[in-house]
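This report refers to the structure that appears directly beneath it.
The values are calculated or read from the model by the stated rules, or taken from the named source; none is laboratory data. Every value quoted in this text rests on a predicted model; they were computed, and no experiment measured them. Cβ: placed from backbone, ideal geometry, glycine included. Neighbour counts: every protein chain shown. Side chains included, ligands, DNA and RNA excluded: accessible areas come from the protein's heavy atoms. Shrake-Rupley method; radii C 1.70, N 1.55, O 1.52, S 1.80 Å.
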Amino acid sequence: MNKPLKIGIAGLGTVGAGTFKLLEANSRVITERCGRSLEVTAVAASQRKKNRGIDLDGVTWFNDGAELAAQADVDVVVEVIGGAEGSARKTVETALKRKLHVVTANKALLANHGVALAKMAEEGGVSLAYEAAVAGGVPIIKALRESLASNSINRITGILNGTCNYILSTMRTTGRDFEDVLKEAQALGYAEADPTFDVDGVDAAHKLAILTSVAFGTAIDINAVHVEGIRNISPLDINYADEFGYRIKLLGLAERLPERTGGGIVQRVYPCLIRPEHPLASVEGVFNAVVAEGDFVGKSVYEGRGAGAGPTASAIVSDIMDIAAGRHAPVFGVPTCFLKALPSVPVERHIGEYYVRLLVVDRPGVFADIASAFRDESVSMESVLQRGRNVNVNVNVVIITHETQESNLVRALKRLQANAALVEPPHMMRIENIEGA
C-alpha cells in the first residue's frame, strides 16, 4: 500500500465539512479504489469553536487558507472558501507555488483567473482539479475532458443554476410570482440572502465560461458571456409559454460556429422557451443538467444535483482520488499553450424564433402598428395571441416569430417603444430548439 495522501481543507463551511465527512465515512472504499488512504491532516477556518459535526482532534488548525497553503504538511489543498479574489485566490496561488495539488469548487476564481492558474499548475507539475465547480455532483468536466476527448464538441446546453431552476419550476407548478418563490428558496437554503449571482445569471455564466474552455479548447473569457437573469419572468410569461407548448428555463449555451458562417464562439446565459420533448425540459427543482453534442458520439445528457454538501463533496473527493491514483489530465483539456482565443459572437447575430409579449392599450390601429414595425424590420409573425382586458383597458399581445436575426427584432421593438399605446417595455425571450428533440 502506498503512503497516505495528506489533505488540507481551506474552508469549513457546508462543503468543506461535507468533504471531511465523506472522506471519513467512505474511507475504506476510497482506499480500495485509489490504492492509498486519504487523510485530512490540516484545516483552515476563521471560527475554531463552531460545531460542524466533525472531529478535528489531531488535525492541524490554521486561521487562514493561505497560511495553510504556505505552511501545512500536505500533498493536496482543497479550496472551498469561494470568491474570485481575496483569501481564495491567495490560497490557490500559494499552494501552486509550493507545487501542491489543488482541488477547488470555486467557479468564480476559475472563470476569472483559470488560465493563469492552469499555467502555474503546469509549471509545477501538479494538478488543478475542479469537477465540483460546475454542476456539483454532475461529472461533466470529466466527461468533456476524458470520456468525450476524441470528439469535436459542437455545442453545450445546460441548466447550470439550481436556484433559478427551482424558482422557474415552482412558478410553473404553483402560479406564484418570482419574489414569492425566491423568498421560499431562501428559506429552504436554495438561495443566498443576497441572490444576485444566482437570479441574475452570473453564477451560470461562470460555469458556462469554464465549460466553453474545456469543450472547445479556448482560453476562458468570462467577459464574452452574454448574461440575462430571470427577475423579469412573470407567471403570465410562464402561462403563455405553456399555451404555445413551451417551458421556460434559464439555459447556458456555448457553441462553436462553422467557418462558413463566420466562425467564432457563442457564449450566452438567458431564460428561453424550449419544447417539452427537449432533453432539459423535464429537469426540475434544484437539479442541473448538461447536453453535450459531439461529432461522433452525438448527444450525451448528464443530470444530477448541482449543489449541496453531498454532491459537491462527492465531486471534490473524486478529484482527490484521481490525484491519489496518479491520474492526470491538462486543466482545460489541452496544455495552456494550445488554448485558442477565438472571436466572440455577439448576441445580435443570434438567429432563431422569439417570444414577445407586449402590454398595450386596446384601441383601434394598435395591432396594425405592431405588424408594421415587424414587417419593416423583416420579422415575420408565426402565431399571435390576444386575450382579455383589465380595468385599465390594457391587453397583452403575445407573438411567436418565425426565425429571424436578433438585431432585426431589437430594432422592431425599439420602434414600438416610441408608440404611446405601449404600456411597459416589451418582454422578449428566445426560443431554443435542439436538433432531433
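When the alpha-carbon atoms of the chain are used, the pair Rg, Dmax equals 24.0, 84 angstrom.
When only Cα pairs under 8 Å and 6 or more residues apart are kept, what is the percent relative contact order across the chain?
It rounds to 16 percent for the chain.
Basic side chains Lys and Arg get +1 at the Cβ, acidic Asp and Glu get -1 at the Cβ, and with that the dipole of region 224-275 about its Cα centre reaches some 160 debye. With the simple model of a label 7 Å out from the Cα in the direction of the Cβ, THR173 to ALA418 spans 4.7 nm. With just the Cα atoms defining each centre, how far is region 301-356 from region 94-112? Give it in Å. Their Cα centres are 15 Å away from one another. Computed from label points 7 Å out along Cα-Cβ, the spacing between GLU32 and GLU348 is 6.1 nm. The portion of the accessible surface of the chain made up by carbon and sulfur, rounded to a whole percent, is 47 (1.4 Å probe; DNA, RNA and ligands excluded). Quick check: net charge around ALA209, other residues with Cβ under 10 Å of its Cβ, Lys/Arg +1 and Asp/Glu -1? Computed value for this residue: +1. Projection of the Cα convex hull of region 155-287, averaged over all directions and equal to a quarter of that hull's surface, yields 8.6 nm².
Using only alpha carbons, region 289-437 has a radius of gyration to Kirkwood radius ratio (Rg to Rh) of 1.18.
Excluding ligands, DNA and RNA, the accessible surface per residue across region 25-109 is 50 Å² with a 1.4 Å probe. Of all the options GLN47, GLN186, GLN405, the one that moves most in a Gaussian network model of the chain with Cα springs shorter than 10 angstrom is GLN47.
Using a/c under 1.5 as the rounded threshold, could you call region 211-330 rounded, prolate or oblate? The axes a ≥ b ≥ c are square roots of the C-alpha gyration tensor eigenvalues, and prolate needs a/b larger than b/c, oblate otherwise. The shape class here is oblate.
Please sort by residue number the trypsin sites (Lys or Arg not before Pro) in region 260-369 whose DSSP state is loop and whose Cβ has at most 14 other Cβ atoms within 10 Å.
Answer in residue order: ARG327.
Between ALA149, ASN26, GLY136, the Cα set farthest toward the positive side of the dipole of the chain (charges on each charged residue's Cβ, about the Cα centre) is that of ASN26. Per residue, region 287-437 exposes 48 Å² of accessible surface when a 1.4 Å probe is rolled over the protein heavy atoms with every protein chain present.
The residues neighbouring MET120, those whose beta-carbon lies less than 14 Å from its own, together hold a net charge of +2 under the Lys/Arg +1, Asp/Glu -1 convention. Charge tally for GLY333 (other residues, Cβ to Cβ under 12 Å; Lys, Arg +1; Asp, Glu -1): +2.
Projecting the Cα atoms of PRO279, GLN386, PRO335 onto the dipole axis of region 274-407, where Lys and Arg carry +1 and Asp and Glu carry -1 at the beta carbon, places GLN386 farthest toward the positive end.
Quick check for me: using +1 on Lys/Arg Cβ and -1 on Asp/Glu Cβ, what's the dipole size of region 52-110 about its Cα centre, in debye to the nearest 20?
Roughly 300 debye for region 52-110.
With a Förster radius of 41 Å applied to the beta-carbon distance between GLU382 and ALA193, the computed FRET efficiency rounds to 0.45. Shape summary: region 15-148 maps onto an equivalent ellipsoid whose semi-axes, from the alpha-carbon gyration tensor, are 22, 20, 15 Å in decreasing order.
Stretching the chain fully between ASP73 and ARG275 yields a gain of 67.4 nm (0.36 nm per residue, less the alpha carbon separation). Considering only Cα atoms, the convex hull volume of region 117-180 works out to 145 Å³ per residue.
Calculated [222 nm] ellipticity per residue, helices only, for the chain: -10500 deg cm²/dmol; basis is -39500 (n - 2.57) per DSSP H run with n ≥ 4, divided by all residues, nearest 500.
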